[in-house]
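Read the structure below first, then the notes.
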Amino acid sequence: MDKKDWTILDVMQQDGRIAMQSLASQISMSGTAAAERVRNLEKEGIITGYKANVNAEKLGYNVHCFVLTETSLATRDKFYEYVQACPEIINAYYTTTGGKELVLEMYCASTDDLYRIQEDLFGLAQCTTYIVANHPVKQKGITPLPKK
């Protein structure tokens, strides 16, 4: 990874649909060279895909929350099945510190929907729910690690 690759990642994390010519002009390269670098970043597994960022509230999902969970061996398989099947759960993050097994990220239409899911989860895991009040920091992209 050189400075040009990091610049490509920075630009593409801001706009994954950028035209190659536009990307090339921003990084002072030819379109062919820029496209080749992007293909190499994809081939190396650094760029893993492209997706649309969606405004959940405009789709009726008004409650954004995180649920810290801890299961027992007896309920773990059913818990994972539920998490996989529940459309409101959009992410499950493994944790290694703090004593919780998974942190679930959810979007629900209402607090009634959140309550329904919590009732389902409480039979499968110990849960602590945190409702997001606001989102003051814009999502950031990955940047180079500081030199040691």
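Percent of C-alpha pairs per 10 Å bin in region 9-67, short distances first: 19, 39, 20, 17, 4. The per residue volume of the convex hull around the alpha-carbon atoms of region 57-131 is 80 Å³.
Taking every alpha-carbon pair under 8 Å whose residues sit at least 6 apart, region 6-148 reaches a relative contact order of 27 percent. Residues 29, 106, arranged from fewest to most other Cβ atoms within 10 angstrom of their Cβ, appear as 29, 106. Taking only alpha carbon atoms, the chain gives an Rg to Rh ratio of 1.09, where Rh is the Kirkwood radius.
Cα centroids of region 1-17 and region 102-140: how far apart, whole angstrom? Here the answer is 32 Å between Cα centres.
If you average over every viewing direction, what projected area does the convex hull of the Cα atoms of region 3-43 give, in nm²?
Answer in nm², one decimal: 2.4.
No lab work stands behind these numbers, since they all come straight from the coordinates. As the structure is a computational prediction, the values presented were derived from the model and not from experiment. Glycine also receives a Cβ, built like all others from the backbone with ideal geometry; neighbour counts cover every protein chain displayed.
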